[in-house]
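Working notes for the structure below.
Since every read-out is calculated from the coordinates, none of them should be taken as a lab result. Since the model is a prediction, treat every value here as computed from it, not as a measurement. Cβ placement follows ideal geometry from the backbone for every residue including glycine, while neighbour counts extend to all protein chains displayed.
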Amino acid sequence: MAAAGAGNAALPALAVRARVCDAAGVATKLRIALISTGGTIEKTYDELEGVLDNRASVLDVVLAGLQLHGVEIVRVPLMNKDSLEMSPQDHELIARTAGSMAEAHDGVVIVHGTDRLAVTGDRICTSIGTPRVPIVLTGAMRPYVMRNTDALQNLTEALLAVQLVAPGVYVAMHNRVLRFPGVVKDKDRGTFVRADG
């Protein structure tokens with residue numbers, strides 16, 4: 001997975017995060033909060049209407065197909081919206097929830113629509129500064145239900161990145177990890193890039 005740090009092409013600091021051990025010396029699982037907000041990654045096809053829509057979350061199906069040894073996923077279903085329909089209050093709610101989850105977990109992954117993902121990433125930085133643990137946003141350009149989806153790759157990358165990067169706010173998609181602030185969606189290339197790069 002390629003990575004770029006804030007303001008330059010340097011790699012973000014990787015955090016060697018020690019696993020906590022119980023009284024018997026057995027490593028405990030990292031607790032990762034997975035906040036779902038909707039977006040393309042969770043769109044399903046409505047056969048009666050002939051449209052892709054955010055009606056039911058597919059994240060449990062996606063997660064069931066992954067081998068997540070050493071990780072406990074704590075699902076936080078916050079909303080199920082297309083990010084173009086998100087209000088400033090929605091972005092603030094996501095930021096507050098991410099901050100709260102960062103205080104109680106070993107990392108936070110936010111599944112989000114890509115059109116307004118950068119707005120939320122910047123809002124988290126403004127609202128809470130540098131969190132105690134990594135907060136990683138991800139999404140998809142094509143829904144999970146489509147054969148050529150990028151959803152599985154992006155969610156897997158986010159779940160790995162949240163265990164490796166230093167505390168901060170990031171987007172993990174398309175084999176890249178970028179740190180906020182200063183990340184934007186490049187609609188022509190269909191991915192996220194540094195605003196200054």
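Peptides 171-183, 118-130, 71-83 ranked from most to least packed, by the mean per-residue count of other Cβ atoms within 10 Å: 171-183, 118-130, 71-83. So the label point goes 7 Å from the Cα of Val61 along Cα→C-beta, right? Which residues of the range 146-183 then have their backbone N under 11 Å from it? Counting backbone N atoms under 11 Å from the label point, the list is 146-147. Counting beta carbons within 10 Å around each of Lys185, Lys29 and listing the fewest first gives the order Lys29, Lys185.
For the range 51-171, the gyration tensor built on C-alpha atoms gives an oblate shape. Its axis ratio a/c (a ≥ b ≥ c) is at least 1.5, and a/b is not larger than b/c. From least to most packed, judged by other beta carbons within 10 angstrom and beginning with the fewest, Ser87, Ser36 follow the order Ser87, Ser36.
In this structure, Ala104 and Gln153 have a Cβ-Cβ separation that, at R0 = 30 Å, corresponds to a calculated FRET efficiency of about 0.60. Each of Asp188, Asp196 was scored by other Cβ atoms within 10 Å of its Cβ. Arranged with the fewest first, they read Asp188, Asp196. Close amide H pairs (under 5 Å, H built 1.01 Å from N) link Arg31 with Glu72, Asp106, residues at least 5 positions away or on another chain.
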